[in-house]
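Undergrad: Mind having a look at this structure? Questions to follow.
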Amino acid sequence: MASPAKLVNADTGLISREIFVNQDIYHQEQEQVFARAWLFVGHEAQVPKPGDYFVSSMGEESVILSRDREGWLHVFLNSCMHRGMKVCRYDEGNTPVFTCPYHGWSYANDGKLVGVPYFKDAYHQELDKSKWGLIEVPQMFNYKGSIWATWDDSAPPFLDYIGEFKLYLDLLMDSWDGAEGGHRENFIGDRYHNISHRSVDLVGIGPSGTGRRDQGERAGARLLDVSFPERGHGTVMALRPTDAPIPQAYQDLPILSEYFRHCEEERKQKDGQLWRMLGGPGTVFPNMSYLPRQPRSIAVWHPRGVNQTEVWRWFMVDAHAPQEVKDYLRHYYIRYSGPGGLTEQDDMENWNYAHSASSGVVARRHAYNYEMGLGHGTPAYENDGLKLPGLILDTTEARAAEQNQRGFYRRWAEFMDADGWGSLANWQNGNSHG
Ligand code: FES
Ligand code: FE
């Protein structure tokens, strides 16, 4: 088998199916990508009080996001140091100690081993408890309430990892609707797949249907694909003209319409030119995706074996929004992507079939085509005095491009080939490519 990096040719837009279905590549990816990159773990709002915890994942591994009794946050590997039992089998809760269900070792919420059955008799008090606390991530970062961590102590600081992509991530974190603090490829730039959602569009509740609040918001806007191939991140967005009026959303629901109008006005006052950016789906390499606008949400793609991905969604609602707005958004989210939802289920259907139809020995011989818009990106985009970082491809007329996907897989290939962060932190690598 060729080295994984050779299976990705971002310059020609050809990407081997092997990288999606091959077992060996999957295992290498756990080591090369997931044990190295910064990963999204959760939000501090999930663990507001001392003793609160939330069980998340980093790659295939279960981790505990814990707030200790002093109020400090920690991320621990959810595996007992004695024989590896999953120390915490709940999804979330509050506890002063995590007691292992197997033989009863217990760990305080700051990770320290504090209790060992028969410590006196069986261990003769010779076990050095200070050496057997839970494994903690070497680096963790709280970015505007979102908690990120990496298993690699040589990884660059989180803000370097994000780089200028921060501007786009802030569309989510700084929140559109006045909140405080705060499906992989389709989330980085697949504007091409709207046909998948035609049925929900036809009844007016799909991504381009009339049941959405952003009707009219995009009038006269430029549609942009933004890629950071040297980092792997990417997003799509709409850039409104400087004189764009505030649209009337939800005219049939005055309270909603009024609320969003108010938010939009506040935003316009607050951030000069940035209100013109209507963020679309984006992805922070390798597995955190987000939608900064309704349905405002975070999606994390957890690997669960070569043929399985588990997707977690967090939906975000402004804590200060009127109850009617919260109710409306909750229904919207459930309809859009809940277990009985109508829109994102279309995407899963495609991924499942695409995956199984790509796994056979013959199918695997043929690369996927990611040529769309190849070489059409521009590194220094400016529109009416607003300069935007990243490699930008204007898709207003073209309607779609695959630049962001090429950038993502280019970076993936670099991770798969690299010995460590030494060469990966050279941010110039992918800069000029489209
Ligand atoms: Fe946890 Fe033995 S595995 S106490
Ligand atoms: Fe979709």
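The values are calculated or read from the model by the stated rules, or taken from the named source; none is laboratory data. Bear in mind that the values here come from a model prediction, so they are computed numbers and not experimental data. FYI the Cβ positions are ideal-geometry reconstructions off the backbone, even for glycines, and counts take in every protein chain you see.
Undergrad: Taking segment 256-281 as the search range and keeping residues that are at pLDDT 85 or above and either of a type in the set (A, V, I, L, M) or outside the structural domain of residue 164 (by TED's automatic domain parsing) (or both), which one is surrounded by the fewest Cβ atoms within 10 Å (Cβ to Cβ)?
TA: 274
Undergrad: Which residues, counting only those in segment 73-110, are within 18 Å of residue 56 (Cβ to Cβ), in a strand (DSSP E or B) and either within 16 Å of ligand 2 (Cβ to nearest atom) or of a type in the set (Gly, Ala, Ser) (or both)?
TA: Across segment 73-110, the qualifying residue is only 93.
Undergrad: Any idea which of 284, 325, 317, 311 is surrounded by 16 or more Cβ atoms within 10 Å (Cβ to Cβ), within 16 Å of ligand 2 (Cβ to nearest atom) and not hydroxyl-bearing (Ser, Thr, Tyr)?
TA: Unique residue meeting the criteria: 311.
Undergrad: Contact list please: Cβ distance under 6 Å, first residue in segment 179-201 and closer than 28 Å to residue 142 by Cβ and of a type in the set (D, E, K, R), second residue at pLDDT 75 or above and away from ligand 1 (no atom under 16 Å from the Cβ), pairs at least six apart or on different chains.
TA: Sorted first by the residue in segment 179-201, then by its partner, the pairs are 184/301.
Undergrad: Do any residues in segment 8-27 that are closer than 12 Å to residue 374 by Cβ have Cβ atoms under 8 Å from those of residues that are surrounded by fewer than 17 Cβ atoms within 10 Å (Cβ to Cβ) and polar (S, T, N, Q), where the two are at least six apart or on different chains, and which pairs are they?
TA: Note: pairs meeting the criteria are 13/369; 14/369.
Undergrad: Related question: From 104, 115, grab the single residue that is at pLDDT 95 or above, at positive phi and surrounded by fewer than 17 Cβ atoms within 10 Å (Cβ to Cβ).
TA: Going through 104, 115 in turn, the sole match is 104.
Undergrad: Among the residues of segment 53-77, how many are under 25 Å from residue 301 (Cβ atoms) and among the acidic types (Asp, Glu)?
TA: Final tally of qualifying residues: 2.
Undergrad: Specify the residue that is farthest from residue 137 (Cα to Cα); the eligible residues are those in segment 72-104 that are small (Gly, Ala, Ser) and under 26 Å from the mean Cα position of the chain (by Cα).
TA: Looking at residues that are small (Gly, Ala, Ser) and under 26 Å from the mean Cα position of the chain (by Cα), I get 93.
Undergrad: What are the residues in segment 111-131 that are among the hydrophobic types (A, V, I, L, M, F, W, C) and assigned to a loop (DSSP other than H, G, I, E, B), if any?
TA: 116, 119, 122, 127
Undergrad: Does segment 1-22 hold any residues that are within 24 Å of the chain's Cα centre (by Cα) and either assigned to a loop (DSSP other than H, G, I, E, B) or over 17 Å from residue 415 (Cα atoms) (or both), and which are they?
TA: Matches in segment 1-22: 10, 13, 16, 17, 21, 22.
Every residue, every condition in (1) of a type in the set (D, E, K, R); (2) in contact with a strand residue (DSSP E or B) (Cβ under 9 Å, 6 or more places away or on another chain); (3) surrounded by 15 or more Cβ atoms within 10 Å (Cβ to Cβ), yes or no:
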site: 364; (1), (2), (3): yes, no, yes
site: 367; (1), (2), (3): no, yes, yes
site: 370; (1), (2), (3): no, yes, yes
site: 381; (1), (2), (3): no, yes, yes
site: 385; (1), (2), (3): no, no, no
site: 405; (1), (2), (3): no, yes, yes
site: 409; (1), (2), (3): no, yes, yes
site: 426; (1), (2), (3): no, no, no
